[in-house]
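One structure is given below, encoded as structure tokens.
The values are calculated or read from the model by the stated rules, or taken from the named source; none is laboratory data. Owing to the predicted nature of the structure, the values given are computational and were not obtained by experimental measurement. Virtual Cβ from ideal backbone geometry, glycine too; neighbours counted across all protein chains shown. SASA here: full protein model, heavy atoms, side chains in, ligands and nucleic acids out. Shrake-Rupley method; radii C 1.70, N 1.55, O 1.52, S 1.80 Å.
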Amino acid sequence: MVARSRAAGVSRWITVGTSLEDSRKAIELAGQYDGMYATVGIHPHEAKSADTSALEELKRLGRSDKVVAIGETGLDFHYNFSKQPDQKRVFEAHLQIAGELNLPVIVHSRNAFAETMEILDHSGRGPRGVVFHCFSGSAEEARLVLERGYYVSFTGVVTFKNAEKTRDSARVVPLDRLMVETDCPYMSPEPVRSQKPNEPALMVHTARLLAQVKGVELEDLARATTRNAMTFFNLPGVGSV
Ligand SMILES: [Zn+2]
């Protein structure tokens, strides 16, 4: 997968934790590859399992080499796999940990935009930066995210035929606040939507569509999103892009 990714021109990766076990695997994997970094987080789906000791362990993992962000964290009121008060408590705890470790957060927000923003607005010192990942909100919601200095990241969803709302959102995000991601194993982009699992090599299709939406060349889109990711995650070599 890494070789296919490099061949497609995607040569650095952030592999994202969604549970403690998954976060440990992300750290281990990142340790094996140059240009690969990890995040640690307990997804809102798993919030019910995030007791005090789990959150302490998360913070300990957050200090590991190559950990560049806290997340995924946030609120998912679409599936409600964990009770909403649990999701809110665990999201707040992640923001606290990110603040203490001076790391940015990757936010997952689904059917919970107002509640997500309210928690972020009251997160005190809070994280070093915020990115809304797999953004599926409206253009108006994107504006509220941008007003706060946050970043907006798009997946293969933006390439789907019925995703005109998501493309409208992408139109209002300036190039210096835009990121592109896989959300793999999910969300394979058109025209390879049926290829499962999704993987980093396929992200080029998402980038190409976003370049069209923004009216720029693919190379310009790639340079901007690479620079944004390197700045946001404070990757080595930032400033050289
Ligand atoms: Zn997510």
* Identity of the residue in segment 143-165, among the β-branched types (Val, Ile, Thr) and open to solvent by 10 Å² or more (accessible area, probe 1.4 Å), that ends up nearest to the ligand (Cβ to nearest atom) -> VAL157
* Asked: Looking at segment 78-97, which of its residues are within 13 Å of the ligand (Cβ to nearest atom) and either in a loop (DSSP other than H, G, I, E, B) or basic (Lys, Arg) (or both)?
  -> HIS78, TYR79, PHE81
* **Residues of segment 114-142 satisfying the condition of being assigned to a helix (DSSP H, G or I), surrounded by 15 or more Cβ atoms within 10 Å (Cβ to Cβ) and away from the ligand (no atom under 14 Å from the Cβ)** => GLU115, MET117, ILE119, LEU120, ALA139, GLU141, ALA142
* segment 168-203 - residue that is open to solvent by less than 30 Å² (accessible area, probe 1.4 Å) and in a helix (DSSP H, G or I) and, of those, farthest from the ligand (Cβ to nearest atom) -> ALA201
* To do: Among the candidates ALA211, ALA222, single out the residue that is in a helix (DSSP H, G or I) and closer than 20 Å to ILE14 by Cα.
  => ALA222
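Do we find a residue being more than 30 Å from LEU101 (Cβ to Cβ) and among the β-branched types (Val, Ile, Thr) anywhere in segment 174-185? Give the derivation first.
Filtering segment 174-185 down to residues more than 30 Å from LEU101 (Cβ to Cβ) leaves none.
No, because not a single residue in segment 174-185 is more than 30 Å from LEU101 (Cβ to Cβ) and among the β-branched types (Val, Ile, Thr).
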* **Residue identified as modelled with pLDDT of 95 or more and touching a His at 6+ places or on another chain (Cβ under 7 Å) among ILE119, ILE70** => ILE70
* Asked: Looking at segment 43-66, which of the residues that are in contact with a strand residue (DSSP E or B) (Cβ under 8 Å, 6 or more places away or on another chain) and at negative phi is surrounded by the most Cβ atoms within 10 Å (Cβ to Cβ)?
  -> PRO44
